[in-house]
């Protein structure tokens, strides 16, 4: 997801003047001049514009402004700096960074009883959190080339098979899921995902297999398409995209459980307009808004009603069954956040010493 500069949503709809602050809506609340969200650019921002921003503007007359120019960690910093006089209403992050935002005190607790969050009851429980709600999700598992690999992998432990030497592609430590290989290693060893020592012991063995470390998901996908790598760690959603370019690439839900990953929205602490921030959040959870993300990125929506609205082909390829969803492994992101610095240092030392 590429970042872009600030973009106003709402097409040709005019920005409301400050005088519009005097207007009121159906709830008797004063209308803000705009709603501002910190988010990604590129296709993500465009899908958010179409599925959420433009719809909020059409419903309320309030334009939505996307700030696309910040990295996820910079978004948290912006909210922290602006706490006393907040100018942002919402922020979008992936699940691994929300614990940091919470610890920094920059998010407002979600009110599950708000009359503006009408879609919240239809969201799968595992994607509802105290300070944020996931909009889309995916499962991290194993992508592999079925033509090159005669014995398909079935578990995380299969990544360590010696015949894959030099043909395994993994996210580098700088990638948002780069450190996930540690809990994956622990699971492969039959331990808890939080057993860092077991995970690093397996990582040392992995490094000896000379894996290909890539800094971003696009490059991981390209390696699998070209055949430079025949197996690797990848989201189910991205594997569907890879398979369109190389039909030999398949995806496996590991026996130990696939790792859940999600992206969602939190309301800024001291948001200028809590009411309208809730309206925006609600639209990110609306099935109609989630369809665009499913079509653009192969991500299932977190609203249980979204699935029925997807084209049959998408339902078959990207939607997890209830049984699979129950087997998703939710990493302790708070624990991962606390361990990040020490794990990153240990990860780099092992790779440098290989």
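The values are calculated or read from the model by the stated rules, or taken from the named source; none is laboratory data. Note that this is a predicted model, so its numbers are computed, not measured. Cβ sites come from the backbone with ideal geometry, for glycine too, and all protein chains shown count toward neighbours.
Some values worked out for this structure:
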{"quantity": "Which numbered condition residue 2 misses (of (1) at pLDDT 65 or above; (2) closer than 23 Å to residue 177 by Cβ)", "calculated": "(1)"}
{"quantity": "Failed item in (1) buried (at least 19 other Cβ atoms within 10 Å of the Cβ); (2) outside the structural domain of residue 88 (by TED's automatic domain parsing); (3) not in a strand (DSSP E or B), with residue 276 passing the rest", "calculated": "(2)"}
{"quantity": "Residue among 275, 195, 216 that is touching a helix residue (DSSP H, G or I) at 6+ places or on another chain (Cβ under 7 Å) and more than 20 Å from residue 317 (Cβ to Cβ)", "calculated": "195"}
{"quantity": "Tally, over the stretch 328-354, of residues that are outside any helix (DSSP H, G or I) and touching a strand residue (DSSP E or B) at 6+ places or on another chain (Cβ under 9 Å)", "calculated": "4"}
{"quantity": "Where a residue in the stretch 313-327 is within 11 Å of residue 260 (Cβ to Cβ) and its partner, wherever it lies, is part of a helix (DSSP H, G or I), with Cβ under 8 Å and at least six apart", "calculated": "320/236; 325/126"}
{"quantity": "Segments classed as helices (runs of 4 or more DSSP H), wholly inside the stretch 179-266, with at least 2 members that are touching a residue at least 60 places away in the same chain (Cβ under 8 Å), at negative phi and in contact with a strand residue (DSSP E or B) (Cβ under 6 Å, 6 or more places away or on another chain)", "calculated": "236-245"}
{"quantity": "Condition check for residue 200: assigned by TED's automatic domain parsing to the domain that holds residue 348, crowded, with 17+ Cβ neighbours inside 10 Å, in contact with a helix residue (DSSP H, G or I) (Cβ under 9 Å, 6 or more places away or on another chain) and farther than 26 Å from residue 249 by Cβ", "calculated": "yes"}
{"quantity": "Condition check for residue 294: in a helix (DSSP H, G or I) and free of Cβ contacts under 8 Å to residues at least 60 places away in the same chain", "calculated": "no"}
{"quantity": "Only one of 283, 224, 309, 234 that is touching a helix residue (DSSP H, G or I) at 6+ places or on another chain (Cβ under 8 Å), within 16 Å of residue 47 (Cβ to Cβ) and buried (at least 21 other Cβ atoms within 10 Å of the Cβ)", "calculated": "283"}
{"quantity": "Some residue of the stretch 308-321 being at pLDDT 95 or above, assigned by TED's automatic domain parsing to the domain that holds residue 43 and within 18 Å of the chain's Cα centre (by Cα)", "calculated": "no"}
{"quantity": "Residue that is more than 19 Å from residue 250 (Cβ to Cβ), buried (at least 22 other Cβ atoms within 10 Å of the Cβ) and under 19 Å from the mean Cα position of the chain (by Cα), where the choices are 215, 193, 171, 211", "calculated": "171"}
{"quantity": "Spans of helices (runs of 4 or more DSSP H) in the stretch 48-146 with at least 1 residues touching a residue at least 60 places away in the same chain (Cβ under 8 Å) and surrounded by fewer than 21 Cβ atoms within 10 Å (Cβ to Cβ)", "calculated": "54-60, 98-103"}
